[in-house]
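The values are calculated or read from the model by the stated rules, or taken from the named source; none is laboratory data. This is a predicted model, so every value here is computed, not measured. Note: ideal-geometry Cβ built from the backbone for every residue, glycine included; neighbour counts use all protein chains shown. To get the accessible areas, we keep the full protein, side chains included, count just its heavy atoms, and leave off ligands, DNA and RNA. Shrake-Rupley method; radii C 1.70, N 1.55, O 1.52, S 1.80 Å.
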There are 6 protein chains.
Amino acid sequence: MNTGLGICRRHVERAPREAVERLSRLGVATVHEAMGRTGLAHPVLPPIWPGAHACGTAITVLLQPGDNWMMHVAAEQIRPGDIVVAACTSENADGFFGDLLATSFRARGAVGLVIDGGVRDVKDLREMRFPVFPRAVHAKGTVKATLGSVNVPVVCAGVLVHPGDVVIADDDGVVVVPAADAAEVAAAAEAREANERAKRARLAAGELGLDLYDMRDKLAKAGLRYID
Amino acid sequence: MNTGLGICRRHVERAPREAVERLSRLGVATVHEAMGRTGLAHPVLPPIWPGAHACGTAITVLLQPGDNWMMHVAAEQIRPGDIVVAACTSENADGFFGDLLATSFRARGAVGLVIDGGVRDVKDLREMRFPVFPRAVHAKGTVKATLGSVNVPVVCAGVLVHPGDVVIADDDGVVVVPAADAAEVAAAAEAREANERAKRARLAAGELGLDLYDMRDKLAKAGLRYID
Amino acid sequence: MNTGLGICRRHVERAPREAVERLSRLGVATVHEAMGRTGLAHPVLPPIWPGAHACGTAITVLLQPGDNWMMHVAAEQIRPGDIVVAACTSENADGFFGDLLATSFRARGAVGLVIDGGVRDVKDLREMRFPVFPRAVHAKGTVKATLGSVNVPVVCAGVLVHPGDVVIADDDGVVVVPAADAAEVAAAAEAREANERAKRARLAAGELGLDLYDMRDKLAKAGLRYID
Amino acid sequence: MNTGLGICRRHVERAPREAVERLSRLGVATVHEAMGRTGLAHPVLPPIWPGAHACGTAITVLLQPGDNWMMHVAAEQIRPGDIVVAACTSENADGFFGDLLATSFRARGAVGLVIDGGVRDVKDLREMRFPVFPRAVHAKGTVKATLGSVNVPVVCAGVLVHPGDVVIADDDGVVVVPAADAAEVAAAAEAREANERAKRARLAAGELGLDLYDMRDKLAKAGLRYID
Amino acid sequence: MNTGLGICRRHVERAPREAVERLSRLGVATVHEAMGRTGLAHPVLPPIWPGAHACGTAITVLLQPGDNWMMHVAAEQIRPGDIVVAACTSENADGFFGDLLATSFRARGAVGLVIDGGVRDVKDLREMRFPVFPRAVHAKGTVKATLGSVNVPVVCAGVLVHPGDVVIADDDGVVVVPAADAAEVAAAAEAREANERAKRARLAAGELGLDLYDMRDKLAKAGLRYID
Amino acid sequence: MNTGLGICRRHVERAPREAVERLSRLGVATVHEAMGRTGLAHPVLPPIWPGAHACGTAITVLLQPGDNWMMHVAAEQIRPGDIVVAACTSENADGFFGDLLATSFRARGAVGLVIDGGVRDVKDLREMRFPVFPRAVHAKGTVKATLGSVNVPVVCAGVLVHPGDVVIADDDGVVVVPAADAAEVAAAAEAREANERAKRARLAAGELGLDLYDMRDKLAKAGLRYID
């Protein structure tokens, strides 16, 4: 039995760097679509400034409510290009993270933080341009008393994250790409984006989606009635 | 029996253009007051950027959860100056709307979108300066499989909207003015605004609302006790 | 029996001006920590613009739902450097406060408003740079019909506030410092901030919190297992 | 302009008594399905005891937050077989209704109450077996100071209700049948229920919905893959 | 500076026993009204079975999130007739309390528990008929690692409680009567209840609140229009 | 890339029957503790009647919002002793399940349903004594149009469930035991329960947890101050 608590795994099988870089040029919505509409966290992790964006390989943290001890354990495991993904054993909005930890994470090479919990010092974090996607902003301080884990699989805001997965976060939400699928998803997402570019031009010219996507027959068969 | 599903009404009795233009120069709070403190949606539809504003005649959409098919049906019904108002048959935060539909809506002349549901591509929407007032931001994709309706009366975030009504949305919320009342409400709101301008100057000079609104007697009669 | 309703207390024992000024240069998180991690409101009072900040001595208001009469009674009690803290006898998001009251409050010397309720005219409030920390933004108008109180102790978003207490509000939340503790808390917070400055430099240089805070032994004793 | 406030309409066009009686023998889910899946309130109005049920013709009330004055105006309009449906001009959980009003409503012939607000004295209400479907239970008292309306169209928990409509409430929720459609909906719902009875027997015997509803082909066409 | 953490106060000035007994025969709504409509907690503390009721003198506990250590400290301070009132330094639904603590609390003479947090073993608690009014039911276990306090003033679900205050909890909510006001409030509540008994009989006989409370003139003056 | 949609896995590696039976005699809180305080769903899945209990091996379902097609696909995969665990690709409270599906599930041998979504016909479900643990009760009907999956890993109310895992649900919540750990967890939970029995007797006799758990020294070291 592996309860998932009290563990720090040092070895992480990270997604290939090249795939991460390709994914970093794509939006969350596009990547989610390219994965067959899967991989999204619940829409409860807004960025701390509009337009914030982060894409990296996941270092996962499992926190205890009111306790940010594991964030320090996680810091040591960060490699350049990682993004920290923190979940909690119960719902808790305390301020697990602030400007000091951000300074440390950045010094280790982290590109951002996704956290199903609270953060504080957000004015400083904005000035540092350290992208954070938290459930809450809360000045509430935390203790360092109880073990959680680092680099175990975690459920963060409803989505399963394994260490090494690619995590992309922007204004639209947070999506998780399993490490093994990263290259394939990047290719599918790039194709989707190219396809959308063409459609955008036609829609901008006034063409209707009804025609562009050939919907009129299907709507009629489904029983749509036009009345005046 | 008219169940309200599977219908697209083409004819919309729009509020007079001149009244819409007058209303577009007024804020939501002022218009709501001028209507005797009625007509407001619940405060759950924040703009996707601070200061966003939209005022138009309503094209209404009734969506099914997880399904944005009717948005495409609605696009065809848009006339310049319209605002799309989308409700859903149940609470659902999926991303019913993104930059492609915004491109299409704008090409048809829409001035904005109010939606009791989720939207995505918000960074693009902000760059396009297409004002959207959604319940949620969520990358979650939708399908095109089940009929809703277009241009039937809908309840959107708690407020009843008929096609053709004037809908005004800004930082303070969303207000709906019945088409037939548009001119009368515009006049009352303009009067109210003029009245407030005078009061603002007196308050800025240090006069108290207690005196300006002649409240001291009423407070005393209600039993207010001043103590030291 | 003092029910707390129908009273306006004129005399307020304000925290010393010098302590308020020192506290105004510190953040909410720092002050909360310096108070032994107490004094915080629930994280439900975000500022109406990012970066808004206010620090003053509290004028308290107890409102009735849908009724902002007491805000006018409170205006008269404001002295320069005060911050108004408004609670409500039940949860209510109506727009108790807008640009007219802001004009009046500012004319009296108020430095901001914390309100466990709704406000409106937020675009104007932002332009005025009048810092407001509300639970909601809502255009809904209120009446002036039922007595609440001014300058009684109130619970606002979960935190107890006495008239004259120092209230600090910023992006991280709202913290209340009892008037009698203001100088002591200011000193402790200043010391804490100085201490954090040194740590920040070491963390920025790549030192780990594990070493800086001497955590490795404690983690091992608590049973943390490193695995590969 | 009719703002909807300050009005009590005495004449109500009630749905035919015979249709109401037929509808009273059917469940909310069945009636909602028979209306083409429309007419439901949001699922926020649980009964005050499991199994509570009410079906009647609507007397509508529009309340102000924290104010139950209009409930007394409504009482006079109640005819035997009516159900009172109360909405509020803003979200408010105060205790608008208790055992005294229940006593009065029952004496006038009311069969129940649906209220997008709070109620109190619920132990007494349960003992009286007066079915109430409230948004909240809250002891908070209300005042009698501001006009709302009686027997105007209201939006209650997201559903539009006209005076005289049939309102059915049970454990599954609250559904509104327009007065003019009552007989037609009753017939459709009765047919649906008869149809379900036959299906229930076949499912109880172990037959699968896949076969009963002939789904296997459609699932295969949609692309369902069975794997081992 | 007294931060409120790390303290257990042994001496509690309890409300007079006789007043507590009188209050224990009254409902929460009645007592709240008798206090001028004050003293109520937010409506988020439902009983773990319908009809549960508790009235006692408060032993207060301030918990840390995820940590129930202080509940054991509190147990020793319980005297027969006390009710434990537990708040938390941040919002947290963990299961701070279960059947073992209930066994201990009861052995010490406690009459119930009000807790702005989670509890578990609710089936056992129901069988024991130990009345608990929690914010949540959650099996989540807690640790014993960080100090809170016992018998300091706490804010529990929005209401201020001092040790020794009378706390009454029933289906309608939780009300707090300051120890010094207990006798006066009991008298006022008894008077109110007697008065309501007479009104109930008249309303049951069909008399309208409009007449019983003499509202018709006031409504007319406020502008109520009857239409047909 | 395996997107998790459009799949029905027929082979499920179920936890050993004997371990399931032992676990079925234990409560959710006890099992969660025996797993090192892991495995719990969020506290949002209350039973449809107090005291409802279910324990079985998981058949998992991934639904689309507003669409219950996959419930029928799942029915065929049920073996006696299974419990169905349904998640949804986005938050949705529609009534995915009612008395017909319950009849079918029971005929196949299912012992209950855990669903992160809505159910209806709850009165019938209670009369059938079919234990259901839903996020919501809602009469809202669903369609059968879009593929989800059956027997893929799902995240349900925040907890990861694999097909074949043991799922236990009662008043205290829902806990998931990985199939491979079932016997070990059962043993640990039984030991814990035996241990608690002894403690309960000592606490009932008036012994304090402070002494039973030997806390006094640790509290003193942590700095607890007793004052009078």
In the set A:Asp121, A:Asp116, the lone residue that is touching a helix residue (DSSP H, G or I) at 6+ places or on another chain (Cβ under 9 Å) and among the charged types (D, E, K, R) is A:Asp121
For E:Leu147, the lone unmet condition from (1) without any contact (Cβ under 8 Å) to a residue 60 or more places away in the chain; (2) of a type in the set (A, V, I, L, M); (3) closer than 26 Å to F:Lys218 by Cβ is (1)
The condition from (1) under 27 Å from D:Thr142 (Cα atoms); (2) out of contact with any Phe, Trp or Tyr (no Cβ under 9 Å at 6 or more places or on another chain); (3) among the acidic types (Asp, Glu) that C:Asp67 misses is numbered (2)
Expected single match for small (Gly, Ala, Ser) and under 26 Å from B:Phe96 (Cα atoms) among A:Ala93, A:Ala54, A:Ala86, A:Ala15 is A:Ala54
Within the range C:33-58, the residues that are within 22 Å of B:Gly51 (Cα to Cα) and out of contact with any Phe, Trp or Tyr (no Cβ under 9 Å at 6 or more places or on another chain) are C:Val44, C:Trp49, C:Gly51, C:His53
**Message:** Take C:Ile168 and tell me if it is within 14 Å of chain A (Cβ to nearest Cβ) and touching a residue at least 40 places away in the same chain (Cβ under 8 Å).
**Reply:** yes
Within the range A:122-155, residues within 22 Å of A:Gly56 (Cβ to Cβ), open to solvent by 30 Å² or more (accessible area, probe 1.4 Å) and touching a Phe, Trp or Tyr at 6+ places or on another chain (Cβ under 9 Å) come out as A:Asp124, A:Arg126, A:Arg129
Would you mind stating whether F:Ala107 is surrounded by 21 or more Cβ atoms within 10 Å (Cβ to Cβ), more than 14 Å from the chain's Cα centre (by Cα) and more than 15 Å from F:Leu62 (Cα to Cα)?
-> no
Scanning the range A:187-228 residue by residue, the ones that are over 34 Å from the mean Cα position of the chain (by Cα) and hydroxyl-bearing (Ser, Thr, Tyr) total 1
How many residues of the range F:42-56 are surrounded by fewer than 24 Cβ atoms within 10 Å (Cβ to Cβ) and either in contact with a helix residue (DSSP H, G or I) (Cβ under 9 Å, 6 or more places away or on another chain) or within 14 Å of chain B (Cβ to nearest Cβ) (or both)? The answer is 7
Residue hits (the range F:99-143; more than 7 Å from every other protein chain (Cβ to nearest Cβ) and part of a loop (DSSP other than H, G, I, E, B)) are F:Gly109, F:Ala110, F:Val111, F:Gly112, F:Arg129, F:Phe130, F:Pro131, F:Thr142
Among the residues of the range A:156-170, the number that are within 11 Å of the chain's Cα centre (by Cα) and closer than 11 Å to A:Ile59 by Cβ is 3
Filter the range C:1-32 for residues that are among the polar types (S, T, N, Q) and within 14 Å of chain E (Cβ to nearest Cβ); the one that is surrounded by the fewest Cβ atoms within 10 Å (Cβ to Cβ) is C:Asn2
Q.
Among the residues in the range C:65-75, are any open to solvent by 20 Å² or more (accessible area, probe 1.4 Å) and not small (Gly, Ala, Ser)?
A. no
Taking the range C:64-85 and the residues there that are in contact with a helix residue (DSSP H, G or I) (Cβ under 7 Å, 6 or more places away or on another chain) and under 18 Å from C:Ala169 (Cβ atoms), the one that is farthest from the other protein chains (Cβ to nearest Cβ) would be C:Gly81
Being more than 9 Å from every other protein chain (Cβ to nearest Cβ) and in contact with a strand residue (DSSP E or B) (Cβ under 9 Å, 6 or more places away or on another chain) is the requirement here; does D:Pro163 meet it?
yes
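Per-residue answers, yes or no, for (1) small (Gly, Ala, Ser); (2) within 30 Å of B:Ala180 (Cβ to Cβ); (3) at pLDDT below 95:
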site	(1), (2), (3)
D:Thr3	no, yes, yes
D:Cys8	no, yes, no
D:His11	no, yes, no
D:Leu23	no, no, no
D:Gly27	yes, no, no
D:Thr30	no, no, no
D:Leu45	no, no, no
D:Gly51	yes, no, no
The lone condition F:Thr38 fails out of (1) among the polar types (S, T, N, Q); (2) facing another protein chain (nearest Cβ under 9 Å); (3) in contact with an Asp or Glu (Cβ under 8 Å, 6 or more places away or on another chain) is (3)
In the range D:92-131, anything closer than 17 Å to E:Pro47 by Cβ and either without any contact (Cβ under 8 Å) to a residue 24 or more places away in the chain or out of contact with any His (no Cβ under 8 Å at 6 or more places or on another chain) (or both) is listed as D:Asp121, D:Val122, D:Lys123, D:Asp124, D:Leu125, D:Arg126, D:Glu127
